[in-house]
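Notes for the one structure printed next.
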Amino acid sequence: MPKLQKEKPKRFLYKKIQYDKEVSQRILVLSGFIFVAFMIIFIRLFYLQVIKHDSYVEKKDDYTSIRQYVSAPRGEIYDCKGRVLAKTVVSHNIVYTSPKNMSQDDYWLYANRIVEVFGLDEEELTERDKKEAYITFKSLLDYDDPEYAANHLLTEKEQQEYLSGAWGTYAETVRYGLLYNRIGDDQMKEMKKTEMKACVIYQRMIANASSGQENVILEDISDTDVAYLVEHKTEFPGFDVDFGGWKREYPYGEALSDVIGSVSTSTEGLPVDYKAYYLQKGYQLNAPVGKSGLEFQYNDILSGIAEESIITYNSKGLAKKEVIREAVKGYDIHLSIDIELQEELDGIIKTTLKEYGGTEKRENFQSLFMIIMDPNDGSVKALSGYHMDLETKEMTYYASGNYNSLINPGSSVKGATVYMGLSEGVIKPGEVIDDKVMNIAGEEFGSFKEHGLVDDIKALSVSSNVYMFNIAIRLAKGTYIPEQPLIVSDVPGTLNLMRQYFTMFGLGNKTGLDVPGEVSGYMSVSSLAGMLLNYSIGQYDMYTPVQMLEYVSTIATDGKMYQPRIMSYVTEVNSEQVVTENPKVLRSVLPEKNKEYLHRVQQGFRHVVSEGNASSALKDMSVEVAGKTGTAEVQEWTTAMFVGYAPFSDPTMAFACAAPTSSINSDEVAANICTTQVVPKIVQKFFELYPQ
């Protein structure tokens, strides 16, 4: 028994030691795990707080703030002598950034307060503003009201299609279009003047509320209004004064207005017609942008870089703005236009149309156009046009008609016909043809009067139709037998060949003039053999005045065709440093081997003027003018045309003048209004400004 008592404590002690050792090892392992875990956490925290600090702060800002963009002041547009045609001036605007948690009642309350305190000039509201105000007015009704959101203007079928989703993703666009067309004076009368104005302000306030973007509520406010808003800012939460605002002004008024175009206002933002286009290019909804003309064509150059800010909200839900990128004003563009020449041309065109439009023998004379260019580089110096309402005599400026309206050119294209005949060898230089009436299948075809024996130069001088008819018949390998039908084997093929030659002079295709909206020519489709005769004298296809200008410029420059252009170069703001140029572009050159034939055409054009077949005013000018008249038959009317260049030996100007349906079509046709009233005056002014 005593031995047993001594052995028991030894085994217990051994087990205890083993247990303690195992516990120690486990603690050590656990400590190691804990150490590693803490090291991992430490390294991760170091990575997040030190290495990736800036990145995560940026992400936090993205999640908790809004980026706001405010358009930069727009670059200006100058003429060739540095006179400003479109300028940017300072405009103090009331802007609005929506606080958080605004209700419909809140928006309506402050919209009414803005109208009450600062007012809103109804004359400045567009038709779109008023119609959108009506839709907003009806959107303030209860949802179950039958007139809610102006849906009562939709038919029952349209409402069902709208609610069922049948209009797809464009449902709101379709609905808006239908409502816009149906809102009239009767609907407008449902609103009081103050309600309409408040609805306009309300619409501007909520336009970008969800995106947090700043909206212009009122433009160009007075200093008194600025002071009032600054002093009472707490009464207008979310409203502020933008002292860096701007607006567009056009110092020369109507001159070149539709060519320069226009810019959307700060309250308008992206225009509806171009919203998708500008959004795709990265513009914000509240950005004022070019809507037409050169303002649209060169918008990306003129717009500059928008101011970028971070918007955060304080405990009261009010926006706080931190500018992170200052706005950079847009570049300035310089045009080839001479505004002094432009105003002179505008005055001549307007006065002539006003004096002669709708008068005896000119009862349908309602439009007049002219465009001037340096034929040696394609730079356009001036372009003008007017359209007159024959009943009211109201005049509408329409300089853009030089590139977006089509004209029957008449005999003015005969230079291309003669060049084609000589180049194809169907006539020889100096070949004489008897200009007398031709009888084709019992129908008579002739010139305005019989000219007897004429060669190619004389044919241009007296504008012989018969000479051109013979070129067309020979080109088609036809034979003229008096009183017999004209039989040719391939009318379409011959027309294609003729068009190829006319295209060499720029006729029938867009010229590439740097403006939006230029149209190409109109190609007639008749396959009758007689149409070849019509084509040869400019009575078939139609062209724009600027195409006619390119045609005569190609003749003036010995066959060199330059692309017309209005913008010359771009500079940095307040600097003469040229950023980029719009260089002259030589589009094509007529074959050198046919240069002799082009010289024959040039001589014919000079004889038109020197022999008095254009007008005595042109014949007697001190500068030698060359050109070609045209009178195209348009049913019971004739269109007058005159294209030309000067000086004859070394041209520095080319021009095209068109007067659609400016006279009756009879033996008593009135004088060509271009050669008698327009061209002599503007040629004289041109050489006063640019003497030889």
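Within the chain, Cys80, Cys199 have no other Cys Cβ under 4.7 Å of their Cβ and so lack a disulfide-compatible partner by this rule.
When the residues Thr136, Thr392, Thr580 are ordered by accessible surface, computed with a 1.4 Å probe over the protein chains alone, the sequence from largest down reads Thr392, Thr580, Thr136. Just the protein heavy atoms count here, and of the accessible area of the chain at 1.4 Å, carbon and sulfur take up 51 percent.
Within the shell of other residues whose beta carbon sits under 12 angstrom from the beta carbon of Val579, the net charge comes to -4, with Lys and Arg scored +1 and Asp and Glu -1.
Under a model in which nothing but the beta-carbon of Lys, Arg (+1) and Asp, Glu (-1) is charged, the chain shows a dipole of about 4760 debye around its Cα centre. For the residue pairs Lys131/Lys193; Lys560/Lys593; Lys458/Lys628; Lys414/Lys449; Lys361/Lys685, alpha carbon separations beyond 19 Å are given by Lys361/Lys685.
Taking the Cα centre of region 423-471 as reference, the dipole from Cβ charges on Lys and Arg (+1) and Asp and Glu (-1) amounts to some 100 debye. Ordering Leu422, Asn286, Ile372 by the projection of their Cα atoms onto the charge dipole of the chain, which places +1 on the Cβ of Lys and Arg and -1 on the Cβ of Asp and Glu, puts Asn286 at the extreme positive end. Over region 550-692, what is the relative contact order in whole percent, taking alpha-carbon pairs under 8 Å and six or more residues apart? 19 percent.
Each of Ile310, Tyr356, Gln677 was placed along the dipole of the chain (beta-carbon charges, centred on the mean Cα), and the one lying farthest toward the positive end is Ile310.
May I ask for the angle, rounded to the nearest 10°, between helix 171-182 and the longest principal axis of the chain, with both axes built from Cα atoms and the value confined to 0 to 90°? Result, in degrees: 50. In a fully extended conformation the segment linking Gln577 and Asp558 would gain 3.4 nm over its present Cα-Cα distance, using 0.36 nm per residue.
Over the chain, with a single point scatterer placed on each C-alpha, what log10 of the ratio I(q)/I(0) does the Debye formula yield at q = 0.07, 0.10 1/Å? At q = 0.07, 0.10 Å⁻¹ the computed log10 ratios are -0.66, -1.02. Can you tell me the relative contact order of the chain? Whole percent, Cα pairs under 8 Å, sequence separation 6 or more. Computed over the chain, the figure is 14 percent.
For region 156-263, the Cβ-based charge dipole about the Cα centre amounts to some 300 debye (Lys, Arg positive; Asp, Glu negative; other atoms uncharged). Prolate is the label for region 69-183, because the ratio a/c of its alpha-carbon gyration tensor axes (a ≥ b ≥ c) is 1.5 or higher and a/b is greater than b/c. Counting charges near Gly430 (Lys, Arg +1; Asp, Glu -1) among other residues having Cβ under 14 Å from its Cβ returns a value of -1.
Here's the picture: charge each Lys and Arg Cβ at +1 and each Asp and Glu Cβ at -1 in the chain, and of Ser336, Met653, Leu28 the one pushed furthest to the positive end of that dipole is Leu28. A cut-off under 11 angstrom between Cβ atoms defines the neighbours of Leu318, and their net charge, with Lys, Arg +1 and Asp, Glu -1, is +4.
Averaged per residue, region 524-616 has 42 square angstrom of accessible surface, using a 1.4 angstrom probe with ligands and nucleic acids left out.
The values are calculated or read from the model by the stated rules, or taken from the named source; none is laboratory data. Just so you know, these numbers come straight off a predicted model, no measurement behind them. So basically every Cβ, Gly included, is an ideal-geometry build from the backbone, and we count neighbours across all protein chains shown. Ligands, DNA and RNA are excluded from the accessible area calculation, which covers all protein heavy atoms including side chains. Shrake-Rupley method; radii C 1.70, N 1.55, O 1.52, S 1.80 Å.
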